[in-house]
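Every number in this text was worked out from the coordinates using simple rules, so none of it is lab data. What you see is a predicted model; the values in this text were computed from it and never measured. As a convention, Cβ positions derive from the backbone with ideal geometry for all residues, glycine included, and neighbour counts pool all protein chains shown.
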Amino acid sequence: MFSRILVALDGSEISHTAYARALEFAKADKAELHVVTVVNTPHLWKDDSPANQTQASTDANLLINELESDAKEAGISFIPHIVTGHPGDRIVSTADEIDADLIVVGSLGKSNLDRLLLGSVSAYVTQYSQRNILVIRG
C-alpha cells in the first residue's frame, strides 16, 4: 500500500509513538522509512545562540542514530533527513521531495488558543500537504 513513509520526530514522547506506528506500517508494506527532524528553528521564547543550535543538531543526530537501529533490526530501509527551518514547512517540503505516500506526525492535542499562540506542526502539515497524513494523538 505505501512505498515511502515519512515520519516527523522532535524527540517528544508523542513523536516516538508516531515513529513506532510508522515503523509498523513500513514493516507491513516493506516500505522505505524516511525520518525527518527539524533543527535550528528560531523562536521568540527560545535561546537560539550558536551553542544551542549546535546542541540541537547533536541531539537530532543522536535521536536519528538511536531509532535507526530499531529499523535496521526490523529489516526496514531507514533514510534520515535532518533539516533546518519551520517544522511544518520542512516536513511538507521533505515529503514532496521524496514523493512520500504517507506522512506520520504526532500531535499533543493543543487547545485552539495554544494553536493560535504557539502554532501546531500537525495542523500546518494537514493544511498544506496534499499527501496522506496520519496524525497520532497524545
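Summary of values
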item: Environment charge of residue 4, counting only residues whose C-beta is closer than 12 Å and scoring Lys/Arg +1, Asp/Glu -1; result: -4
item: Amide H within-cut-off set for residue 35, under 5 Å, with H built and near neighbours excluded; result: 7, 79, 81
